Each structure stands twice: as structure tokens, then as C-alpha cells.
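Undergrad: One structure, as C-alpha cells, below. Some questions next.
The values are calculated or read from the model by the stated rules, or taken from the named source; none is laboratory data. Note that the coordinates shown come from a computational prediction; the quantities given were computed from them, not determined experimentally. A quick note on method: Cβ atoms are made from the backbone with ideal geometry, for glycine too, and the neighbour counts reach across all protein chains shown. SASA here: full protein model, heavy atoms, side chains in, ligands and nucleic acids out. Shrake-Rupley method; radii C 1.70, N 1.55, O 1.52, S 1.80 Å.
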Amino acid sequence: MFGTFSLFDSAFVAIVLLSLKVTLTAVGCAGLVGLPLGAALALGRFPGRPVIIVIVNAFMGLPPVVAGLAVFLLLSRSGPLGGFGLLFSPAAMVVAQFSLVLPIIIALTRQTIEDLWGEYRDQLTSMGAGPLRAIPTLIWDARFSLVTGLLAGLGRAFAEVGAILIVGGNIAGFTRTMTTAIALETSKGDLPLALGLGAVLMALTLAINGLALAVSRLGARFAG
Amino acid sequence: MLRRLITTAVLAAAVLGPVTGPGQAEDRFITVASTTSTQDSGLFGYILPIFEAKTGIKVKVVAQGTGQALDTGRRGDADVVFVHARAAELKFLEEGFSTKRSPVMYNDFIVVGPKSDPAGIAGSKDVAAALKTIAEKKIPFVSRGDKSGTHMAELALWKVAGLDLAAIRGEWYREIGQGMGATLNTAGAMLGYALSDRATWIAFKNKGDLAIAVEGDKRLFNQYGVMLVNPAKFPAVKVADGQAFIDWLISADGQKVISEYKIDGQQLFFPNANDPNA
Amino acid sequence: MTSVTSAPSILPLTLDRVAYEVGGRRLVGVEWATIAKGRKTVVLGPNGAGKTLFLRLCHGLIKPSAGTIAFASGIRPAPQQHAMVFQKPVLLRRSVAANLHHALALAGLGYFERRRTSRLILNRFGLGDLADRPARVLSGGEQQRLAIARAVAVGPELLFLDEPVSGLDPSAMRQIEEMLVALHADGLTWVMTTHDLAQARRLADDILFFHAGRLLEAAPADRFFAEPATEEARAFLESRLFW
């Protein structure tokens, strides 16, 4: 039938690739921003720090539809960033997932780096590294724990449907991802196809989690 | 060192990936806010490739309820709205969000329900009497409840039946706030009745124990209209390409293509762009 | 290892009426002490005598509540001019070589200089074969040797060592001691804490004897062991003090 697709044809592959691309981009950007911010939050001592930590932790549980709605209102032609015309595009989905994943990465990074700083502080200070110079050292030495955190963010973004449905619009061939396709096929009553998509999504999610386990095992062996 | 390289490569791939992402290749596209019925029925999947092949204009369809689709137009997030709820469309015109509405096609609504027919209305051609019976017997009725064209049509039908929904509604009346397909899924699961557009029903693949209970009443007529979002309100609206889509829909060629879309030999939509009263 | 020897000497290190207090409790009190250039100083005393705090004060990790700790006439040494090896060395979660690279990078060495220097240092201390191994999976003795190698790689004039051989087996301990003697022969001045009397006798030029947070005796090692001036030192030497 026209307009729909079966598993493993090119339209389906495009959907999987789009899902991966959007999620990896969002998590990659969130990592680039979140890792240094989380580390700075771990090492910095400034007024208001406890408040920020509480806020970041609370945002870890941000409901995806709320994030989606906020991004939607921002990017709408009638919103403050409407001029870029990003609504209903993959870029909008990246922004939405970025805002969902960023708090997770900041919070996990802060916790990890703060613990490691407790251990490294005297040594690094002794060697002449202040907190600012210590940040890259700590991020690199915590890399295995941090990668696990990044993969946790990846899992959340990958399985997410609420936010990207709102800001992406589930446009066929353009902003349709695995999860929004599942939602659509379910609403069309094509439950076998929805289930098949779900199985592929689960397999990919399993692969991501297997990777996370492998990384942390490797880290345990290497870093002790 | 190797590990550092791998990490860097992964990060770079994640960041650079979207440079060649979808949406980069096609520069000519319009965004159409439309209804779940046009998408779920498969109509767009059939007609859009034909339009694209002809004009080179890609059409991105955001499928929502009619109310939502009109709101998307009101925010300027779409170039064209293609919906089915005449009164709401006229209001959209009045508010100045578009300057012209063109009728495109119609199909009809049907009442579907369990094959066991607990309300005893199967085969009826009187939708008002059928709704009355459902309400009196308090048989589950699943409503879209999402401001969609179908939802608005349903609310109007209760009125036609002389019923004050606000007064009589109870646990039997279930608003789920979702699309047509989800509503049919729910009706099937609850052994309840629901109002559906025929196109979505024919294309729906999870019919299970559901069957058509009421059809053929003139009051179940469902008209679709299309409007270009007013560029005076939103300069970003793609006037030329949007108008080209509208012109094609109501052209002899577009009307013919619409009439050719069939599932299992059944025609789903009936073009009527020439009907001045539609 | 010779990167800063051309700079003027930071020694002697002098402590004048230094006190370190936490919550009104005096944890370290030093009336007067000096660390002279070219000497091997052993800080001796039972556990809890304040030896570690004394090292941390000298190294600048904590600030004294009162008194002054000063290097040779007004010099404010760069971080690399005096180094410290902690009792439980904190090795980075990287390879042996990368641990050295990191320390050398902090000292401002360029990429190729870091590689060259770390190879020299590792070979010198018998760690060359371990260069690519993760630092944290080394044996206790190897970890401690790496920690010392890392500390001296940036060419400090003065090295503080906090119980560097505690928990090591006799052969590992002997390797560390040989390393310290060799470093001293190269011109390194070091200060080491221990509660091991035999080790103090083997290594020390000077003794700083701490008891209950106070520096009680500062004397050349031979005189301290022959005729300790205080009752506490005599008791410690006769192993009558609990530690």
C-alpha cells in the first residue's frame, strides 16, 4: 500500500537512521555542553550552587511532553525563535531531546566528578593544578563512568516519543522516527507493524545497554 | 590513545552527522497542517507522490485534529491547512488567518460499534435516533474529544438528536482526546460505539469485533476544505508553492487522482471542488 | 629532572612558631624548625603525632593558623619546585606513561619533551616495561615507585614523602629505600615521615621527633638515637610508646 512501509525496506531504514541521527546529535551536543558544566558545578564554589544542583536534579525528571511543549512554543513562527523556521524539522527534535538529556548529563557528571575530585584533590593541587585545570583531567579519568551516563541519556532520548511528536510533527520521510512511527501505526490499527517496529527499537535499546555494560566492565578492568 | 581516538570519532560523527541529515537535499517544500483522517486513511500517501512528481514541491504533512491543525496555521507554523470542519474553517477565515477557502472533497461519517450490537441500532439510517438509544441505554460511546473535525461533527450530531450532552453524559461517554485510529482501538476494546470518518475506517487494520452500525444518513456528510495561510500575517508562508498545491487539489487532474484512491475497491473520498455550496 | 636546578634554591625551609588548629584544638605546634638543603630528614613519632599534617603544612596544602612557613629569602616556589608523595598514592586512571605525561604537562612541558622525559624517568626507575600498563593495576610497590617517579619527574628540589613504604613487603620496601638514596645522591633534598625506627636509623641525616602534635626534638640522627633529649623520645626509642 502507498504511504506506509514494511519492516526492512528503505523507508524503514531511513526511519531508523533518522532516529539514530537525531538522538546521537542531541546526546553528543548535550555531552559537549553538559560534561564541562557538570564538572564546573562539581568543583565550583559560588553562592546559589545548592539551588542550581536541586534544579538540575529536578529537571532530570522533566516530563518529555513539557519539554516538547516548551521547545514548540519557542520555535513556533509565533514564538521568540520562530524566525529560524525550525519547527517540524529534525533540528527541532534535536533541540527537544537535547533539553531532555542535558539535565541528566549535568547531574550525573556533577556527582561523578565531585566524588573523583574528593579523591584527586590533594594530588592535583600538589602538582599545581587548580580547579579549572583539574576539569579536563577529572573528565578524562572519569570517562568510563561518564560514558555510562551518556548512554543513559541516549537510552532516554532514543525511546522518547512525547517531545519529538510535538516539535517534529511526525512528517513522513522527514521527521518520522521509530517511536513516532510506532505511535502512528498503533493509531492506524496496524498493530503487527507497530509491534515489529517496537521489537527493532527494543533490540537497538538492548544493544545500547549492552554497550554501556561493556564500557563499564572495560573501565573497571582498566581504571581499577 | 586508541581509546581517545575512538571517543573523538564517535563524538565527531554524532555532531557532524546531521550535516547530511534528511531535509538538506530538498530545498522546495511546503508544510501542510492536516487531519489524522487524511493521513491515517492513506490518502496523502497516494496523492502526494503524484503531486511531487509533477511539480517538484515536497509536501510535509503534520497530521493533527482539525482544531489543532487550524491552531498550527494560526501560529504560522504551516503554509496550508487542509481540514474538515466547515464552521471552524469559516471562523479561521473571519479571523483573517486565510483569505480564501476552497472545498476539495467529501466523504461521510459512520457510527461503528460491536458486532453484538448492544444498543440494537445496527442497520439504522437515522443517526439521531441511534445516538438517542445509545444515551438512553448508557452503552459505552468513545468520543475523540480532541477538537478535531470528527469531534466537532459528533458534538453537532448530539444536538441534532435533541440531546444536551452536558446534562446526560456519564460514565458511558468516554472522551479520550486522541486521534481517529486510537478512538477505534478504544471502542474495540471497550465494546463501545464511536463516530468515525469512513476513510479511516476502511483503512483501519484492527477492526476486530467492530462493524458499521449506522450509515447513509445525510447528516453524516463530511466536507474537506483547504486554505492558504495568510502571508500578510506570516511573511514566511510559501505563497507560490502553497497555492500551487491548492490549485492542483481543486484542478481536474487533482480531483481525478483523489477519486482514484481506493482500498479494497472502495472509493474513500469524493471530489466536489465544483460544488459552490460545499 | 634538571629543569629547575638552574633556578635559585628554595632551601632552607624555615618554620617559625607555627601552629595548626581546628575548632580551637591545636593539632600541630612547631616552635622552630628548618629543612636544610641536601639533607635527608625523617619525621619520626607515633601515629597521630601530627607528622602528616606537618608535611601538608610544609607543602602548602593547608595553611597554618599562626606563624610563618618560609622558603629561602622571600622565594615563592613554583608548584613543581617541591613535590609530595602521599601515603596512599593517587594514580590517575590511565597508563603508567600517561601519569607521567600528565604531571609533565602541568609543569608546562611540550608534547615531545613530555614523551622524552617520561621515557627517561621510567627506564631509570625500572618501570620502562610497564609504561603501557594501566597504573591502577600495578602492585603496591610498583604504584609507590611510580608515584615517586612522577613526583620527581618535574625536577623538584625538595620532596615530601608520607609513609612511603607502609604496607609494602620487605623487597618492595628495599627498592623504595634504594630509590630515595639514589635521588638524594643526585641532589634531591627529601623529608619523609615514618614510624619505623629501623628505617629511620638506616636513612636519616636529621630527625624531627613529634609527639602529641608537638615538635619535641630536632637533631642530627646519630645524636638523636644516641642521647634523646626528652622522656617521650626515650620512651619511643625503647618502644614503650603505643603506635
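Undergrad: Is there a residue in segment A:165-181 that is in a helix (DSSP H, G or I) and surrounded by fewer than 21 Cβ atoms within 10 Å (Cβ to Cβ)?
TA: For segment A:165-181, residues in a helix (DSSP H, G or I) and surrounded by fewer than 21 Cβ atoms within 10 Å (Cβ to Cβ): absent.
Undergrad: Would you say residue A:99 is buried (at least 19 other Cβ atoms within 10 Å of the Cβ), small (Gly, Ala, Ser) and within 14 Å of chain C (Cβ to nearest Cβ)?
TA: no
Undergrad: Got a number for residues in segment A:147-164 being part of a helix (DSSP H, G or I), more than 10 Å from chain B (Cβ to nearest Cβ) and either in contact with a strand residue (DSSP E or B) (Cβ under 8 Å, 6 or more places away or on another chain) or not β-branched (Val, Ile, Thr) (or both)?
TA: Number satisfying all stated conditions: 10.
Undergrad: Could you check how many residues of segment C:177-205 are β-branched (Val, Ile, Thr) and surrounded by fewer than 19 Cβ atoms within 10 Å (Cβ to Cβ)?
TA: First, the residues of segment C:177-205 that are β-branched (Val, Ile, Thr): C:181, C:189, C:191, C:193-194.
With the extra rule that they be surrounded by fewer than 19 Cβ atoms within 10 Å (Cβ to Cβ), the set shrinks to C:181.
Count: 1.
Undergrad: Being touching a residue at least 24 places away in the same chain (Cβ under 8 Å) and part of a helix (DSSP H, G or I) is the filter here; which residues of segment B:125-139 pass it?
TA: Of all residues in segment B:125-139, those touching a residue at least 24 places away in the same chain (Cβ under 8 Å) come to B:125-132, B:134-135, B:138-139.
Residues satisfying the conditions are B:127, B:128, B:129, B:130, B:131, B:132, B:134, B:135.
Undergrad: Could you say whether any residue in segment B:67-84 is farther than 19 Å from residue A:165 by Cβ, in a loop (DSSP other than H, G, I, E, B) and either away from chain A (no Cβ under 11 Å) or modelled with pLDDT under 90 (or both)?
TA: Looking for residues that are farther than 19 Å from residue A:165 by Cβ, in a loop (DSSP other than H, G, I, E, B) and either away from chain A (no Cβ under 11 Å) or modelled with pLDDT under 90 (or both), one finds at least one in segment B:67-84, hence yes.
Undergrad: Can you name every residue in segment A:110-145 that is free of Cβ contacts under 8 Å to residues at least 24 places away in the same chain, closer than 17 Å to residue C:103 by Cβ, part of a helix (DSSP H, G or I) and not aromatic (Phe, Trp, Tyr)?
TA: Within segment A:110-145, A:119, A:121, A:122, A:123, A:124, A:125, A:126, A:133, A:136, A:137 meet the criteria.
Undergrad: For residues that are part of a helix (DSSP H, G or I) and within 12 Å of another protein chain (Cβ to nearest Cβ), scanning just segment C:126-149, find the one that is farthest from the chain's Cα centre (by Cα).
TA: C:137
Undergrad: Let me ask another. When residue B:136 is evaluated against the numbered criteria (1) surrounded by fewer than 20 Cβ atoms within 10 Å (Cβ to Cβ); (2) in contact with a helix residue (DSSP H, G or I) (Cβ under 8 Å, 6 or more places away or on another chain); (3) of a type outside the set (Ser, Thr, Tyr), which criterion, by number, is the only one it fails?
TA: Checking residue B:136 against (1) surrounded by fewer than 20 Cβ atoms within 10 Å (Cβ to Cβ); (2) in contact with a helix residue (DSSP H, G or I) (Cβ under 8 Å, 6 or more places away or on another chain); (3) of a type outside the set (Ser, Thr, Tyr), the one that fails is (2).
Undergrad: Could you list, in sequence order, the residues of segment B:140-161 that are surrounded by fewer than 18 Cβ atoms within 10 Å (Cβ to Cβ), in contact (Cβ under 8 Å) with a residue 12 or more places away in the chain and over 17 Å from the mean Cα position of the chain (by Cα)?
TA: Listed by number, the list holds a single entry, B:160.
Undergrad: Let me ask something additional. Enumerate the helices (runs of 4 or more DSSP H) found wholly within segment A:1-83, keeping only those where 2 or more residues are among the small types (Gly, Ala, Ser) and within 14 Å of chain B (Cβ to nearest Cβ).
TA: Output list reads A:10-43.
Undergrad: Among the candidates B:216, B:208, B:170, single out the residue that is more than 11 Å from chain A (Cβ to nearest Cβ), open to solvent by 40 Å² or more (accessible area, probe 1.4 Å) and in a loop (DSSP other than H, G, I, E, B).
TA: Residue meeting the stated conditions: B:216.
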